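Asker: My structure is below; once you've seen it, I'll send some questions.
The values are calculated or read from the model by the stated rules, or taken from the named source; none is laboratory data. Keep in mind the model is a prediction, meaning the values are calculated, not measured. Neighbour counts run over all protein chains shown; Cβ positions are idealised from the backbone, glycine included.
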């Protein structure tokens, strides 16, 4: 009798465990590919920081801007040795200009505190 009870509950428990593992694995993979950051500043100017430490591969970054009608006016890299160790592609403004989205690729050799700082300003075009 005890073996029959074990067999009856064993299969559902194994299936539930497999579903949980699959859900956790898919949630982790999705989170690794996207990141949302807040642009800190005023309605005229803001800056957002994105880590490039340890590298990135086709990571989609969304910057929530403080207002609309911004232009990206600059990018700083910290440390300076990480200049050229990353690339930004597919950059565009979205949601009426209140978000800036781009795809980030960075080499794994970037140091632990490596980051880029994106600067945005209202009414100014990047040169």
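Asker: Could you grab me the full set of residues in region 97-113 that are within 14 Å of residue 63 (Cβ to Cβ) and not in a loop (DSSP other than H, G, I, E, B)?
Answerer: Scanning region 97-113 gives 97, 99, 100, 101, 102, 103, 104.
Asker: If you go through region 4-26 one residue at a time, do you hit one that is surrounded by 10 or more Cβ atoms within 10 Å (Cβ to Cβ), assigned to a strand (DSSP E or B) and modelled with pLDDT under 95?
Answerer: no
Asker: Still on this structure: What is the one condition in (1) at pLDDT below 95; (2) over 17 Å from residue 48 (Cα atoms) that residue 126 does not satisfy?
Answerer: (2)
Asker: On to the next question. For residue 98, work out the one condition from (1) surrounded by fewer than 16 Cβ atoms within 10 Å (Cβ to Cβ); (2) more than 14 Å from the chain's Cα centre (by Cα) it doesn't fulfil.
Answerer: Among (1) surrounded by fewer than 16 Cβ atoms within 10 Å (Cβ to Cβ); (2) more than 14 Å from the chain's Cα centre (by Cα), the lone unmet condition for residue 98 is (1).
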